[in-house]
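First up is the structure itself, then whatever we jot down about it.
Here, each number is a calculation from the coordinates, and none is a lab measurement. As the structure is a prediction and not an experimental result, all values here were calculated from the model. Positions of Cβ are backbone-derived with ideal geometry, glycine not excepted, and every protein chain shown enters the neighbour counts.
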Amino acid sequence: MENTLKKIGFEAVTSAPSVERAFKYLEQDSYQFCLLDIDLKKETSFEVAYFLLKQSIPFIFTSGYNSKHPIPESLKLVQLLQKPIDGAKLEKLIRDLLN
């Protein structure tokens, strides 16, 4: 995923395997876009999603085909990409969000 994002044109890509780490990174740096995997082993990224909404940072959800975590109603308008992710589709969604 990092390579795909760099090919799209993002120079710096940060990966956070947990909600705690995501918040640590969000406190340290500013981000123009985030890609959130819904399933993070024992937790979900929904808490991060609510934070991003409050901060007006655009994001897209990703999920595997068998996600056991339904998206809350308050986040249903967020774009969802199913894995495996098509690079061209991801690029179009990112460009649409950032424009």
Any chance you could count how many residues in the stretch 1-28 are farther than 14 Å from E47 by Cβ, free of Cβ contacts under 8 Å to residues at least 40 places away in the same chain and basic (K, R)?
-> 1
Name the one entry in L93, L75 that is touching a residue at least 24 places away in the same chain (Cβ under 8 Å), under 15 Å from L5 (Cβ atoms) and not small (G, A, S).
-> L93
Given the conditions (1) closer than 21 Å to L97 by Cα; (2) without any contact (Cβ under 8 Å) to a residue 24 or more places away in the chain, report the number of the one that C34 does not fulfil.
-> (2)
Return the total of residues in the stretch 14-30 being of a type in the set (G, A, S) and under 19 Å from S56 (Cβ atoms).
-> 2
